[in-house]
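Participant: Sending over a structure as structure tokens; questions will come in a sec.
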Amino acid sequence: LLEEWEIGHVGAGRNIEEAWQPFITKANGLTVAILAVAENEFGISDVDKPGAAGVDMYRLYHTIQSSKQKADFVMVIFHGGNEYNPLPSPRVVSRYRLVIDFGADAVVGMHPHCPQGHETYNGKPIVYSVGNFLFCERTVSDPNSPWYYGYIPIITFSKAGLPTLDITPYTFDPECTRITPMEGERRKIMLEYLDRISSYFKDPEEHMRLFKGWCLIGGPSYANHLKFSSDFLEEDRCFDDITLLRLRNLFTCEAHNELMTTLLKMVSDRDLKTGYEMVEKVKALQKMPVENICKKEGH
């Protein structure tokens, strides 16, 4: 349908080769190649299976390199990370920085359903999570939940210098009828919040302590799925069984894998004290610093 209506798309396809094709666009005499990859969770493409471009760092490196032969700049959009965590995990930070080392000129992350921070690494912008854009979820009743906040990253490429990043934070109402960009003092406070949470992952030791706190918040509910059943080996078993998929994703999805391996190591090493000390700090960082204006106006 997208092709029928001549709408550009990237990151998914009828098979793995198509899913990995970059979207190339031109403007003002410059060419930008956009790649989009996703953590290896549900819906990943394969040789003869439609779906998303599941991240493969070896393939990503070579796709970036080949794209640089066709375009002046390469941007990578990355779908991944721990849901609801106000900070990117340690592995996400190292992974996105590595993508810049591969030759990308910018990385934009999404999926955690809340805003996370951003940074400039080797002169190139990395956005760890833009938050939700317009996402209806009836089970999230609090209009001031991080679910209803996000920011638009505006990245400017120029041959005269390094890419620049400008940010427009916004809120939207639970009915998903309106997006309200923040202005004035509200915008200033939100940008200060983003700067504050961005400072934590620049200190690796403090960042790991905070991630251990997150593991105690978000990890146990996922760990409940760590149970294998001999029924899974039955040949006529329906392989869209949600129990099996949840178990599989704890291993194949990079974010779940990091969460589980860190939590289980904390438990086996009896290294829980630091995590418990950080739980309340992480919860405090989840709270947005400005009220959702859509709530106030009754939209």
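Participant: Tell me the residue from 292, 257 that is touching a helix residue (DSSP H, G or I) at 6+ places or on another chain (Cβ under 7 Å) and farther than 22 Å from residue 81 by Cα, please.
Facilitator: Selected residue: 292, the only one of 292, 257 that is touching a helix residue (DSSP H, G or I) at 6+ places or on another chain (Cβ under 7 Å) and farther than 22 Å from residue 81 by Cα.
Participant: Only one of these is open to solvent by 80 Å² or more (accessible area, probe 1.4 Å), in contact with a helix residue (DSSP H, G or I) (Cβ under 7 Å, 6 or more places away or on another chain) and closer than 29 Å to residue 119 by Cβ: 276, 222. Name it.
Facilitator: Selected residue: 276, the only one of 276, 222 that is open to solvent by 80 Å² or more (accessible area, probe 1.4 Å), in contact with a helix residue (DSSP H, G or I) (Cβ under 7 Å, 6 or more places away or on another chain) and closer than 29 Å to residue 119 by Cβ.
Participant: Here are some residues: 71, 36. Which one is within 18 Å of residue 126 (Cα to Cα), of a type in the set (Gly, Ala, Ser) and outside any helix (DSSP H, G or I)?
Facilitator: 36
Participant: Determine which single condition residue 266 fails, assuming it passes every other condition in (1) crowded, with 16+ Cβ neighbours inside 10 Å; (2) part of a loop (DSSP other than H, G, I, E, B).
Facilitator: The one condition residue 266 does not meet is (2).
Participant: Next question, about the same structure. May I ask you to list the residues in segment 1-33 that are part of a strand (DSSP E or B) and either among the β-branched types (Val, Ile, Thr) or closer than 21 Å to residue 48 by Cβ (or both)?
Facilitator: Here is the first cut: in segment 1-33, the ones part of a strand (DSSP E or B) are 12-13, 23-27, 30-33.
Hits for segment 1-33 are 12, 13, 24, 25, 31, 32.
Participant: Restricted to segment 201-219, and to residues that are over 19 Å from the mean Cα position of the chain (by Cα) and open to solvent by 80 Å² or more (accessible area, probe 1.4 Å), which residue is nearest to residue 275 (Cα to Cα)?
Facilitator: Top of the filtered list is 209.
Participant: I've got another one for you. Of all residues being assigned to a strand (DSSP E or B) and either in contact (Cβ under 8 Å) with a residue 60 or more places away in the chain or in contact with a Lys or Arg (Cβ under 6 Å, 6 or more places away or on another chain) (or both) in segment 123-157, which is least open to solvent (accessible area, probe 1.4 Å)? Just the residue, please. Talk me through it step by step, then tell me what you get.
Facilitator: Restricting attention to segment 123-157, the residues satisfying the condition of being assigned to a strand (DSSP E or B) are 124-127, 130-131, 149-157.
Next, from what is left, pick out any that are either in contact (Cβ under 8 Å) with a residue 60 or more places away in the chain or in contact with a Lys or Arg (Cβ under 6 Å, 6 or more places away or on another chain) (or both): 149, 155, 157.
Values: 149: 0, 155: 33, 157: 36 Å².
This residue is 149.
Participant: Hey, among 94, 66, which residue is under 25 Å from residue 213 (Cα atoms), among the small types (Gly, Ala, Ser) and either more than 13 Å from the chain's Cα centre (by Cα) or open to solvent by less than 20 Å² (accessible area, probe 1.4 Å) (or both)?
Facilitator: Details: 66 fails: under 25 Å from residue 213 (Cα atoms).
Only one candidate passes the filter, namely 94.
Participant: Could you check segment 69-91 and list, in sequence order, the residues that are surrounded by fewer than 22 Cβ atoms within 10 Å (Cβ to Cβ) and either of a type in the set (A, V, I, L, M) or in contact with a Pro (Cβ under 8 Å, 6 or more places away or on another chain) (or both)? Walk me through it before giving the result.
Facilitator: Within segment 69-91, the subset surrounded by fewer than 22 Cβ atoms within 10 Å (Cβ to Cβ) is 69-73, 77, 79, 83-84, 90-91.
Within segment 69-91, 70, 71, 73, 77, 83, 84, 90 meet the criteria.
The values are calculated or read from the model by the stated rules, or taken from the named source; none is laboratory data. What you are looking at is a predicted structure, and each value in this text was computed from that prediction instead of being measured. FYI the Cβ positions are ideal-geometry reconstructions off the backbone, even for glycines, and counts take in every protein chain you see. Please note that ligands, DNA and RNA were not included when accessible areas were found on the heavy atoms of the full protein model with its side chains. Shrake-Rupley method; radii C 1.70, N 1.55, O 1.52, S 1.80 Å.
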